[in-house]
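Take a look at the structure set out below.
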Amino acid sequence: MLLALRTNEIFYNLLKAKRALSDRHFKHGISRNRRSIGLRLGLLTLSFLAFGTLNSAAENRVALVIGNSNYKNVARLSTPANDAKDIAAVLEGLGYDVILRRDVGSEDLQAALRKLAEKSGESDIAIVYYAGYAASSKGEMYLIPVDAEFAAQKSSRREMISLHTATSAVSGARSLGLVLFDGMRENPFDAKLEQYEGTFGSDATLEPTKTGRSASIFFAAEPGKFAEEGNGRNSPFASAILKYLLQPNLEISFFFRSVRDDVRRSTGQKQTPYMYGQLSGAKVFLSTRTQENLREPDRDTSKTNLCDELATDPEGAKTGQPAHGLKVDDIKVSDALNACSEAVKQFPEIDRFHYQLGRAFFAARNYSSALLSYKRAFELGNIPALYALGEMYEKGTGVDKDPARARFYYETGSEMNFPPAILSLGILYEQGSGVARKPEMAYRFYKRAADLGSPRAINMMAQLTEKGLGTARDAKQARGLYERSAALGDSAAMLNLARCFADGIGGRKDVSEARQLLEKASLSGSVEARELLARLGKSKGK
């Protein structure tokens, strides 16, 4: 996979100002953050004075703050060490138990993450802030320690620290686990990493112990852009974080929006932070100054319940959302639009309502509104919305067809272990759509999605196994996979298994069993199964 931030390098920016793309690199001009050192130090001084008036925090809060500036083998970064020092100071003043690490090597960084993981299990809020270089491989992003060399494949596998490991370290927190990721810089490790592309595996980092649904990631830049270093004391992203950590009564959703808007202003609209992950409906405040005199307004939940009933998707239903799930074609457009519009008004911070409103707009073929709702849900951390965006750009539904952007959304969904996104990446590699055709990569993605329980991915694995593409040809094994997928209800697998029974592929021949499978697939809605049954009926009549 591309460097992290070569995920940026393959994208057109979201304002449709398309830039020239090479096969491996996307570069653009970078404006400079003009905030003065004196202004920033003044803000910190005022913050320390303000700390004397803070209420004692009833919650247990922990943070690991990392700033890597002085890399041993590549160009020095000017702001990360300052960013880490300043953010650590503010968090300490807000009552956080802070672990500060600057210019940290691989072993020390792993040890710090282990220490944070131990603390986060007893905390309400756990934060990792990282500033420095980053990279990515095979759908995973990595933090690069200052002692990284990439002199050999074996050593390179030990040098990088998985971003997933960082999210795991904070995922034990009861209310919120958050990674603030200021690592979206243009990467001088590009040439060294290119020779090892695709060689990094799970043993490249401290192996994560668990992944919590509360863990979220706030990236410094959007797809298609690098984060700016700034020419003052702090980066634009860190500068905004410092500012809004001290803002009274700023709930987490509004914290993200405020930081995003501030970064956009300070960079002349050239950089937009993005948040990925899931936020609960409960109010969360990063600052202890926000806890006073807050009351939850009375809100009518009847419309929100109706939105769930009318527009929840089948994948959402599988993950515990409060409804059975409907395909887009089965949504009652008028009712769903009314219910979900009202739900969004009452609960603007809940990502699933924006996503479900987007599904209702999509069902109404109002693609521009669907796109906006999906993007809002995506900003709030909704992974199915991210996948829906990928599908729109892959198919060109209501937008210009853009395989590169679709691939980005799928890769991001893959990092979040969302099976449909992983499956779609496999299809791109099998078909060679926007990427070089690589059946072996397709098989790996299918297997990964299959291991997460996707019936369709199991069927796709079986098809490659039957053909001997990307894996050894084995008709018996393929038939077993078809059986497994069909048992889980995949109609395409039922068709393939029926073909195996009809022709004796990979096992016994049984035309009667083939007919039963076609009938079952037909009842599941397979048009192809109905057509085959009709042909069989005519053939039998003759």
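The values are calculated or read from the model by the stated rules, or taken from the named source; none is laboratory data. From a predicted model like this one, the values you see are computed outputs, not experimental measurements. Neighbour counts are summed over all protein chains in view; Cβ atoms, including those assigned to glycine, are modelled from backbone coordinates with ideal geometry. These area figures cover heavy atoms from the full protein model, side chains too; ligands, DNA and RNA do not enter into them. Shrake-Rupley method; radii C 1.70, N 1.55, O 1.52, S 1.80 Å.
Some values worked out for this structure:
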{"item": "Arg257 over 25 Å from Gly95 (Cβ atoms), open to solvent by 10 Å² or more (accessible area, probe 1.4 Å), at pLDDT 80 or above and not in a loop (DSSP other than H, G, I, E, B)", "result": "no"}
{"item": "Odd one out for Gln477 among (1) at pLDDT below 95; (2) surrounded by fewer than 20 Cβ atoms within 10 Å (Cβ to Cβ); (3) polar (S, T, N, Q)", "result": "(1)"}
{"item": "Selection count where residues are closer than 15 Å to Glu140 by Cβ and of a type in the set (Val, Ile, Thr), scope the range 407-441", "result": "2"}
{"item": "Residues satisfying the stated conditions in the range 342-355, i.e. more than 11 Å from Asn382 (Cα to Cα), open to solvent by less than 40 Å² (accessible area, probe 1.4 Å) and either in a helix (DSSP H, G or I) or aliphatic (A, V, I, L, M) (or both)", "result": "Ala343, Val344, Gln346"}
{"item": "Complete set of residues in the range 311-335 that are at pLDDT 90 or above and closer than 20 Å to Phe378 by Cα", "result": "Ala311, Val328"}
{"item": "Residue satisfying all of: in the range 356-371; open to solvent by 30 Å² or more (accessible area, probe 1.4 Å) and hydrophobic (A, V, I, L, M, F, W, C); farthest from Ile252 (Cα to Cα) among these", "result": "Ala364"}
{"item": "Considering residues of the range 61-103 that are in contact with a Pro (Cβ under 6 Å, 6 or more places away or on another chain) and crowded, with 18+ Cβ neighbours inside 10 Å only, the residue nearest to Ile127 (Cα to Cα)", "result": "Gly67"}
{"item": "Filtered residue count, the range 407-459, keeping only those that are among the aromatic types (Phe, Trp, Tyr) and closer than 14 Å to Pro384 by Cβ", "result": "3"}
{"item": "Close pairs from the range 498-518: first part of a loop (DSSP other than H, G, I, E, B), partner of a type outside the set (Gly, Ala, Ser) and open to solvent by less than 70 Å² (accessible area, probe 1.4 Å), Cβ under 7 Å, at least 6 apart", "result": "Ile505/Arg479; Gly506/Arg479; Gly506/Cys500; Gly507/Arg479; Gly507/Cys500; Lys509/Phe501; Asp510/Phe501"}
{"item": "Members of the range 227-245 found to be part of a loop (DSSP other than H, G, I, E, B), open to solvent by 20 Å² or more (accessible area, probe 1.4 Å) and either in contact with a His (Cβ under 9 Å, 6 or more places away or on another chain) or at pLDDT 80 or above (or both), listed by number", "result": "Arg233"}
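Residue by residue, here is whether (1) touching a residue at least 40 places away in the same chain (Cβ under 8 Å); (2) over 26 Å from Ala487 (Cβ atoms); (3) open to solvent by 20 Å² or more (accessible area, probe 1.4 Å) holds:
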position	(1), (2), (3)
Ser414	yes, no, no
Ala421	no, no, no
Gly426	no, no, no
Tyr429	no, yes, yes
Ser433	no, yes, yes
Arg437	no, yes, yes
Glu440	no, yes, yes
Leu452	no, no, yes
Ala457	no, no, no
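Condition check ((1) touching a Ser or Thr at 6+ places or on another chain (Cβ under 9 Å); (2) of a type in the set (Gly, Ala, Ser); (3) not in a loop (DSSP other than H, G, I, E, B)) across all residues:
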residue	(1), (2), (3)
Tyr387	yes, no, yes
Tyr393	no, no, yes
Asp400	no, no, no
Tyr410	yes, no, yes
Ser414	yes, yes, yes
Ala421	yes, yes, yes
Leu425	yes, no, yes
